[in-house]
Amino acid sequence: MQEKIDKYTKEINELVKTTAGELETFRIKFLGTKGIIKDLFDEFKTVGAEEKRTFGKVLNQFKQMAEAKYNELKESLDTQQTGNTNEQDLTLPGTGFSIGSRHPLTLVRNEIIDIFKRLGFVVAEGPEIEDDWHNFSALNFPEEHPARDMQDTFFIKKNAGKDDIALRTHTSSVQVRMMENGKPPFRAIMPGRVYRNEAISARAHCFFHQVEGLYVDENVSFADLKQTLYHFVQELYGEGTKVRFRPSYFPFTEPSAEMDVSCSICKGDGCNMCKYSGWVEILGCGMVDPNVLENCGIDSKKYTGFAFGMGIERITNLKYVIRDLRLFSENDVRFLKQFQTEII
Ligand code: PHE
């Protein structure tokens, strides 16, 4: 009996890899109801008491070893098979991958830039960390103007005046840089991120994005301002969008105005986006104050100009009916992937 067991053990140990057919043959031969193990157990019944003691253990170990081998071979066959099918079945669909999407603020900023580019405006950029002169003083802000107050501005260095360094509160600072460093005519827009010290909520954030614009030349009038912005709105919101100008105040423009457009969502009928007024304010504008031109070394007797500034968030909210500003900076893919665009 020992001889047989040794022979079979050797045979089993030599098996390393089998096909499905070979495995089944193995199972029938050793583990089947008429297999070798069954025979060995039958034989075991016939041996004497002395031998029973020795072979009982040996036989059981042999059985366990044969079963373990069978399981091992079966497992390696299974993984081998799944591996093989994937490799060979070229009709199976490939692994999908997701492409990114543009941020809604980028989409709208690009749209605004495109409209003004068609009108002959170039894009100008400047630093986000600004000195007092470019952000405030050159723009005709009086010393005691509340916008200079710690509550609105993130100061990096505060010496109460000329040497202050702050995060820019608007991109008008880029207009100053442009006028200081060049000669009229100027026709440019300034897109960029700006910072204001506000508590974060659905309606306010400590940073947002602007596009400001500047047009300085001889004989630029308020009529040019109105016509340019009117055209812009027709392009952005569609033909027939109404505009209205309300008198306003900015230190750097005189006269100044705020421009409303008829609500693009309810078309002026009234909805909660326009607080049931039918109008939404989208930008501030005005004729560049002669003081600002002179501060930048431009002859205000010869040149006049207009300027305007808008928040990209506000325009995006209206375009896509977004009610919470925080969505723009939370990077939630469930929000962002709704703006999937074809990237060519
Ligand atoms: N700088 C202004 C703001 O940030 C916007 C503006 C720009 C208004 C130009 C008038 C003219 O609110």
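Just a few scattered comments:
- Only protein heavy atoms count here; on that basis, with a 1.4 Å probe, Thr79 has an accessible area of about 90 Å².
- Percentage relative contact order, the range 188-285, counting C-alpha pairs under 8 Å, at least six apart: 16
- No Cys partner within the rule (Cβ under 4.7 Å), the chain: Cys206, Cys285, Cys296
- Figure note: Trp133, Trp279 ranked by solvent-accessible area, largest first, 1.4 Å probe, ligands and nucleic acids not counted: Trp133, Trp279.
- Residues whose amide H falls under 5 Å from that of Arg196, counting only those 5 or more places apart or on a different chain, are Phe207, Phe208, with hydrogens built in the peptide plane.
- Å³ per residue enclosed by the Cα convex hull of the chain: 285
- Contact order relative to length of the range 2-82, as percent, for alpha carbon pairs under 8 angstrom and 6 or more apart: 40
- With Rh defined as the Kirkwood radius, the inverse of the mean 1/r over Cα pairs, the Rg/Rh of the range 261-323 is 1.23.
- Estimated translational D of the range 2-82 in µm²/s (Stokes, Kirkwood radius over Cα pairs; 4 °C; 1.567 mPa s): 96
- Averaging the Cα positions of each part gives two centres, and for the range 13-50 and the range 155-210 these lie 86 Å apart.
- Relative contact order (%) - the chain, alpha-carbon pairs under 8 angstrom, separation at least six: 15
- Distance violations [Cα-Cα > 20 Å] among Lys242/Lys337; Lys157/Lys183; Lys10/Lys69: Lys242/Lys337; Lys157/Lys183
- Spatial separation of Cα centroids for the range 290-344 and the range 213-269, in angstrom: 14
- Antiparallel %, DSSP beta bridges [both residues in the chain], to 5: 95
- In the chain, the calculated helix contribution to ellipticity at 222 nm averages -12500 deg cm²/dmol per residue, counting -39,500 (n - 2.57) for every DSSP H run with n ≥ 4.
- Degrees, to the nearest 10: 36-46 long Cα axis against longest axis of the chain: 40
- Heavy-atom accessible area ranking, 1.4 Å probe, most first, across Glu330, Glu128, Glu3: Glu3, Glu330, Glu128
The values are calculated or read from the model by the stated rules, or taken from the named source; none is laboratory data. Because the structure is predicted, anything quoted here is derived from the model rather than measured. Backbone-built Cβ (ideal geometry, glycine too); neighbour counts: all protein chains shown. The accessibility values were calculated without ligands, DNA or RNA, using every heavy atom of the protein model including side chains. Shrake-Rupley method; radii C 1.70, N 1.55, O 1.52, S 1.80 Å.
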